[in-house]
Amino acid sequence: MNNISPCHGGHLLANHKMEKSAKSSLDADLIQKLIAECQEAKSFAYCPYSKFRVGAALLGKNGKIYRGCNVENACYTLGICAERNAIDRAVAEGCKEFLAIAVSSDVEEEFISPCGACRQVMREFGTELEIFLTKPSGSYLLTSLHQLLPMSFGPENLKN
């Protein structure tokens with residue numbers, strides 16, 4: 001049985017191959033760099049309870065990549081996922097517009113996918129984000145926030 005983090009439990013996609021119909025707006029070298037960065041970020045994870053390392057690499061529209069890792073806490077609800085960690089880091093450095101995010105774990109059989117909370121935080125910053133779900137081998141599945149969070153609620157829903 002895998003040790004699944006409270007955040008990522010149930011959000012693994014089995015038996016998918018790289019999605020052929022999805023076309024990224026990023027060039028192949030940048031995609032590979034983003035995937036390498038999320039795998040590197042995973043090495044910094046603090047996960048003494050679940051032992052489930054997650055890394056994320058977020059590409060800002062400014063061209064900078066912001067890395068994040070999961071950071072657990074003995075009070076489980078106070079932990080933070082890698083995706084939100086990367087977004088928080090980007091915002092703290094003044095970037096609020098993003099092109100893509102890549103997410104990695106150590107699970108070899110399945111693609112890792114953001115939890116619902118992370119999907120909603122991503123949604124706060126727009127709906128056009130490309131999302132690369134990866135495996136340790138470097139293979140990936142390209143998806144979108146529209147696919148992961150259909151009929152979403154965002155900032156524009158609060159405007160008068």
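Each value in this text was obtained by applying a stated rule to the coordinates, not by laboratory testing. In this text the structure is predicted, and so the values were computed from the model without any measurement. We place every Cβ from the backbone using ideal geometry, glycine too, and count neighbours over all the protein chains shown.
Name the helices (complete DSSP H segments) of the chain with a Cα length along the long axis of 24 Å or more and a Kyte-Doolittle mean of at least 0.0, or state none.
none
Among rounded, prolate and oblate, which fits the chain when a ≥ b ≥ c are the square roots of the eigenvalues of its C-alpha gyration tensor, a/c under 1.5 means rounded, and a/b larger than b/c means prolate?
Because its axes are fairly even, with a/c under 1.5, the chain counts as rounded.
Multiplying the sequence separation of Asp27 and Glu108 by 0.36 nm and subtracting their Cα-Cα distance, what value in nm do you get?
26.7 nm
Would you work out which of Ser43, Phe111, Ala57 lies farthest towards the positive end of the dipole of the chain, given +1 charges on the beta-carbon of Lys and Arg and -1 on that of Asp and Glu, about the Cα centre?
Ala57
State to the nearest 20 debye the size of the charge dipole of region 28-77 about its Cα centre, where the only charges are +1 on K and R beta carbons and -1 on D and E beta carbons.
60 debye
Tell me, how many Å apart are the Cα centres for region 146-160 and for region 77-96?
Comparing the Cα centres of region 146-160 and region 77-96, I get a distance of 20 Å.
Quick check on packing: order 28-35, 109-116 by the mean number of other C-beta atoms within 10 Å, highest mean leading.
Result, highest mean Cβ count within 10 Å first: 109-116, 28-35.
Beyond 23 Å between alpha-carbons counts as too far, so tell me which of Lys96/Lys135; Lys33/Lys96; Lys51/Lys96; Lys61/Lys135 fall in that bin.
From Lys96/Lys135; Lys33/Lys96; Lys51/Lys96; Lys61/Lys135, over 23 Å: Lys96/Lys135; Lys51/Lys96; Lys61/Lys135.
Under a crude label model (7 Å from the Cα following the beta-carbon direction), how far is Glu40 from Phe153 in nanometres?
Calculated label separation equals 3.8 nm.
Would you mind calculating the gained length between Glu93 and Lys61 on full extension (0.36 nm times residue separation, minus the Cα-Cα distance), in nm to one decimal?
Gain on extension, Glu93 to Lys61, equals 10.2 nm.
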